[in-house]
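What follows is one structure encoded as structure tokens, with my remarks underneath.
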Amino acid sequence: MKQICLLLLCYVFFGCSSSSDDSPMVNSSEPDTVNPVDPMEPQSGIIPCENGMAGEFPCSGYDLLARVTLTELSAASANDIWGWTDTTTNNEYALVGLNNGTAFVDITDDENPVYLGKLPSASGPSPWRDVKIYQDYAFIVAEAPGHGMQIFDLTKLRNVTNPPENFTADQRYTGIGNAHNVVINESMGFAYPVGTARNDAFNGGVHFVDIQDPMNPTGVGGYGVNGYSHDAQVVSYAGPDADYSGREIYIGSNENQIAIVDITDKTAPSEISTISYSQLGYTHQGWFTEDQRYFILGDELDERDFGFRSRTLVFDLQDLDNPVLHTTYTGPTPAIDHNGYVLGNEFFLANYTAGLRVLDISQIGSEVITEKAFFDTFPSNDATSFDGVWSVYPYLESGKILINDIDSGLFIVRKSN
């Protein structure tokens with residue numbers, strides 16, 4: 001278990017935010033640690049969740065289909081995860097963020113994932129990498145100085161004959177250097193790198209990049225009035241506030257506030273409102289409910305700083321100009337919440353040492369949120385530390401859930417029968 005004093009020293013020396021492009025050390029809200037390569041053997045063959053365990057992993061409601069370890073992926077640590085479905089072949093893929101690049105894993109066969117290869121980092125290793133997709137392309141950023149945004153044609157994965165291959169990017173956008181994250185509004189064909197250098201043209205805020213022609217990305221401005229954006233979501237708004245129907249709305253998790261911005265006109269983005277809240281540690285990441293009424297936020301440091309058990313805040317955005325705190329959910333462990341995503345009436349939360357937690361949000365309007373399932377990839381403890389699950393991806397048609405564990409790599413789970 002990491003000691004609290006080591007966490008505090010990490011934040012004293014490494015801070016919580018991205019550094020400038022030419023700095024030799026790139027910092028963010030997660031501590032800059034590199035874990036030893038996972039010694040465990042790869043697992044294949046479904047392991048059902050029985051009597052609260054799937055093999056060595058605590059669980060409830062989810063079976064372990066397969067996993068691909070860091071050893072297989074030739075990496076020291078893992079970070080972000082996303083998924084892609086090839087609409088021509090219907091094959092499903094995991095896009096696995098690693099300290100030294102992005103791995104591509106064909107997960108179509110429930111029990112036998114195939115590691116197809118890796119796209120190496122553009123400018124050196126980084127514990128922080130993020131990937132999203134537009135059409136059949138992956139867009140990848142990292143906190144490595146000078147990394148820019150890699151663009152990779154995912155249809156190449158159809159023709160891998162001798163895995164694992166060493167892939168090369170098809171294009172690279174260099175209008176940014178380092179970036180903590182990238183957001184894509186697929187309906188509009190724009191990518192939004194965030195968490196860039198604090199001394200850039202947009203103060204580490206958001207850059208607007210037109211990717212409608214993926215091989216010719218074009219920067220068309222940005223927004224930095226509210227400072228550094230650690231993470232964000234951008235939607236073509238169809239929520240309850242009629243004043244903004246059809247507008248493109250940016251909602252940024254900006255360290256010490258949530259920033260809601262109308263970015264429809266890329267030449268003149270305008271602030272709608274900002275949100276603060278009590279006992280704020282680090283405003284980290286959030287996601288709209290599907291009706292765009294509520295925004296579910298994770299604060300990454302409130303568990304450490306204030307002693308909360310995993311705290312999730314829900315804001316009512318019925319009136320975007322006047323958002324209010326609606327309710328707060330407290331989880332069963334002291335683990336830190338990280339990235340969370342909504343699918344229907346469920347919220348899939350990457351909860352670091354407590355693993356994947358699945359929350360029932362069907363009664364969110366009545367301030368009722370309950371945990372309905374979980375899969376814990378970090379069985380040794382549920383401590384308030386930066387180990388375990390970094391992120392999850394719940395959007396594959398097959399129902400498979402992708403989990404990326406910092407310390408041990410990719411897990412593929414699915415709801416138990």
Mean 1/r over distinct Cα pairs of the range 112-192, inverted to a Kirkwood Rh in Å, yields 13.3 Å
Simple SL model, points at 7 angstrom along Cα→Cβ for residue 50 and residue 174; separation in nm is 5.7 nm
Projected onto the charge dipole of the chain (unit charges on the beta-carbon of Lys, Arg, Asp and Glu, signs +1, +1, -1, -1), the Cα from 390, 249, 347 with the largest positive-side position is that of 390
So, with points 7 Å from each Cα along the Cβ direction, the residue 201-residue 278 label distance in nm works out to 4.3 nm
Placing one equal point scatterer on each C-alpha of the range 52-170 and summing with Debye, one gets log10 I(q)/I(0) at q = 0.19 Å⁻¹ equal to -1.02
With Rg from the Cα atoms and Rh as the Kirkwood inverse mean 1/r over Cα pairs, the chain has an Rg/Rh of 0.93
With every protein chain kept in place and a 1.4 Å probe, the range 298-408 has an accessible area per residue in Å² of 29 Å²
hull vol. (C-alpha, convex hull) per residue for the range 276-417, Å³ -> 103 Å³
Taking protein heavy atoms only, a 1.4 Å probe, and rounding to whole percent, the accessible area of the chain owed to carbon and sulfur comes out at 48 percent
Ranked output for segments 112-122, 214-224 by mean other Cβ atoms within 10 Å, highest leading, reads 112-122, 214-224
The alpha-carbon pair-distance distribution computed for the range 160-204, with 5 angstrom bins and whole-percent values, is 5, 15, 20, 18, 14, 13, 9, 3, 2
Counting all Cα-Cα pairs in the range 321-397, those more than 21 Å apart amount in percent to 29 percent
Computed about the Cα centre, the charge dipole of the range 128-249 from +1 Lys/Arg and -1 Asp/Glu charges at the Cβ has a magnitude in debye, to the nearest 20, of 260 debye
Of the listed pairs 132/372; 118/156; 118/372; 118/415, those with alpha carbons more than 23 Å apart are 132/372; 118/372; 118/415
Full extension between residue 416 and residue 159 adds, at 0.36 nm per residue less the Cα distance, a length in nm of 89.3 nm
Projected convex hull area of the range 180-324, Cα atoms, direction-averaged, in nm², equals 8.6 nm²
Rounded to whole angstrom, the alpha-carbon centroid of the range 229-244 lies from that of the range 66-120 at a distance of 30 Å
Of the candidates 226, 114, 100, the farthest towards the positive dipole end of the range 67-226 (Lys/Arg Cβ +1, Asp/Glu Cβ -1, centred on the Cα centre) is 226
Hydrodynamic calc, the range 274-341: Kirkwood Rh from Cα pairs, then Stokes-Einstein at 4 °C with viscosity 1.567 mPa s, so D in µm² s⁻¹ is 107 µm²/s
For residue 54, the residues 5 or more places away or on another chain with a placed amide H closer than 5 Å to its own amide H are 59
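The values are calculated or read from the model by the stated rules, or taken from the named source; none is laboratory data. These figures come from a predicted structure and were not determined experimentally. All Cβ positions, glycine included, derive from the backbone under ideal geometry; neighbour counts span all protein chains shown. Each accessible area value is taken on the protein alone, full model and side chains, heavy atoms only, with ligands, DNA and RNA left out. Shrake-Rupley method; radii C 1.70, N 1.55, O 1.52, S 1.80 Å.
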